[in-house]
Amino acid sequence: MPRRYVAELQRLQRDAAANYLLLQRLWQAPESGRVRYGLRHHGRDLGWFSVERREATRWTELLELCLQVETGFQGIKPAQLQVRSYHDVRLTEVVAFQKKQAREGRYDYPNEAMFHPDEKVQVNSFLSELLRFVLDKGYSLEVELSHDF
């Protein structure tokens, strides 16, 4: 009988803390509730990345992250994530990936949703990689004009 997967709570918390810090570098909670970044690598436009506020309370924020890829670029797939940031404890976790919610720390396999046993760890690791990619390859599409000449 195969060993049952045991969720690594320390890793989940470590990833959530790192994701919070990475996301804060991209998301400064603008009044518009949305920010967009273009993605460029070796002089080639890869697509764009956006962060949009869906819900805000005193201590938490629900954000939708969307990665769109230029047609013909094979290296990256489009992605849509919903993340919840907990500002009081400085953690961010993925609550939905590609419109599928993964709430449990562990899943039996196989299951109806076809989640991996460590689905939560995988989507939070993906979020970390995605945020690092945007910080490395992204540029702001928000233009602020200064009238000081």
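Each value in this text was obtained by applying a stated rule to the coordinates, not by laboratory testing. What you are looking at is a predicted structure, and each value in this text was computed from that prediction instead of being measured. As a convention, Cβ positions derive from the backbone with ideal geometry for all residues, glycine included, and neighbour counts pool all protein chains shown.
Some points to look at:
- Ranked by how many other Cβ atoms sit within 10 Å of their own Cβ, fewest first, the residues GLU8, GLU61, GLU55 fall in the order GLU55, GLU8, GLU61.
- Inter-label distance, nm, simple model (7 Å from Cα along the C-beta direction), ARG14/LEU141: 3.5 nm
- Net charge contributed by nearby residues that have their C-beta within less than 14 Å of LEU127 (K/R +1, D/E -1): +1
- Put a dot 7 Å past the Cα of LEU21, heading toward its Cβ, do the same for THR60, and the two dots end up 2.4 nm apart.
- Linear extension gain, TYR86 paired with ARG132, 0.36 nm per residue minus alpha-carbon span: 14.6 nm
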